[in-house]
1. Taking segment 1-12 on its own, how many of its residues are assigned to a helix (DSSP H, G or I) and open to solvent by 30 Å² or more (accessible area, probe 1.4 Å)?
2. Six or more apart or on different chains, Cβ under 6 Å: which pairs go from a residue in segment 37-55 that's open to solvent by less than 50 Å² (accessible area, probe 1.4 Å) to one that's among the charged types (D, E, K, R)? Could you list them?
3. Would you say Met94 is under 29 Å from Gly19 (Cβ atoms), at pLDDT 95 or above, over 15 Å from the mean Cα position of the chain (by Cα) and crowded, with 16+ Cβ neighbours inside 10 Å?
4. Would you call Leu34 touching a helix residue (DSSP H, G or I) at 6+ places or on another chain (Cβ under 8 Å), free of Cβ contacts under 8 Å to residues at least 40 places away in the same chain and open to solvent by less than 40 Å² (accessible area, probe 1.4 Å)?
5. Can you tell me how many residues in segment 71-124 are touching a residue at least 60 places away in the same chain (Cβ under 8 Å) and not in a helix (DSSP H, G or I)?
6. In the list Ala72, Ala82, Ala99, which residue meets the criterion of being in contact with a helix residue (DSSP H, G or I) (Cβ under 8 Å, 6 or more places away or on another chain) and either open to solvent by less than 40 Å² (accessible area, probe 1.4 Å) or closer than 20 Å to Tyr5 by Cα (or both)?
7. Before we move on, is Gly20 buried (at least 16 other Cβ atoms within 10 Å of the Cβ), among the small types (Gly, Ala, Ser) and touching a Ser or Thr at 6+ places or on another chain (Cβ under 8 Å)?
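The values are calculated or read from the model by the stated rules, or taken from the named source; none is laboratory data. The model shown is predicted, which means the values in this text are computed figures rather than measured ones. All Cβ positions, glycine included, derive from the backbone under ideal geometry; neighbour counts span all protein chains shown. Side chains are part of the model used for accessible areas, which takes the heavy atoms of the whole protein and leaves out ligands, DNA and RNA. Shrake-Rupley method; radii C 1.70, N 1.55, O 1.52, S 1.80 Å.
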Amino acid sequence: MRRAYWTTTAIVVGECAVGGTMDLFELAPFYPMLIDLGYPSYLSPILGGAKLAAAVVIAVPGLPRLKEWAYAGVLINMLGAAASNGAAHKYSGMVAPAAFAVLALASWATRPRSRKLLAGEPGRQAAEQLPAAHGVQDHDR
């Protein structure tokens, strides 16, 4: 399981770092594809910055809550790229982003306990306090 995590994570982090840099500097092949799909040019550096941030957050130890967001962002980006290519009838353009989405999901699913957001983590209590906002009094707990 550990080998699967590190293998898939290295690929995901590498793709985010390389793809993010290419997006940030509006380099081929991603920038021309983005424009060809009808997206505005200003989206490229935004995606690039987000991908680079995700690469760092996923790679470094700790930051379990940010890791959840980073994985979600990578998955949304990759599924969005696959869907955009499909909507434009560029079916061969769906393969790579769909494959990276699967790898990101595999990395997330096989991550070690030390990289997961656990029930006892700080910040989790805020979600557990939600009933208080819906009329549950302190003496009812």
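1. Applying the first criterion (assigned to a helix (DSSP H, G or I)) to segment 1-12 yields 2-12.
Those left that are additionally open to solvent by 30 Å² or more (accessible area, probe 1.4 Å): 2-4, 6-7, 10-11.
Number satisfying all stated conditions: 7.
2. Ser44/Asp23; Ser44/Glu26; Leu47/Asp23; Gly48/Asp23
3. Answer is yes for this residue.
4. Numbers: touching a helix residue (DSSP H, G or I) at 6+ places or on another chain (Cβ under 8 Å): yes; free of Cβ contacts under 8 Å to residues at least 40 places away in the same chain: yes; open to solvent by less than 40 Å² (accessible area, probe 1.4 Å): yes.
It is true that Leu34 is touching a helix residue (DSSP H, G or I) at 6+ places or on another chain (Cβ under 8 Å), free of Cβ contacts under 8 Å to residues at least 40 places away in the same chain and open to solvent by less than 40 Å² (accessible area, probe 1.4 Å).
5. 2
6. Working: Ala72 fails: in contact with a helix residue (DSSP H, G or I) (Cβ under 8 Å, 6 or more places away or on another chain); Ala99 fails: in contact with a helix residue (DSSP H, G or I) (Cβ under 8 Å, 6 or more places away or on another chain).
Within the list Ala72, Ala82, Ala99, the selection yields Ala82.
7. Details: buried (at least 16 other Cβ atoms within 10 Å of the Cβ): yes; among the small types (Gly, Ala, Ser): yes; touching a Ser or Thr at 6+ places or on another chain (Cβ under 8 Å): no.
Answer is no for this residue.
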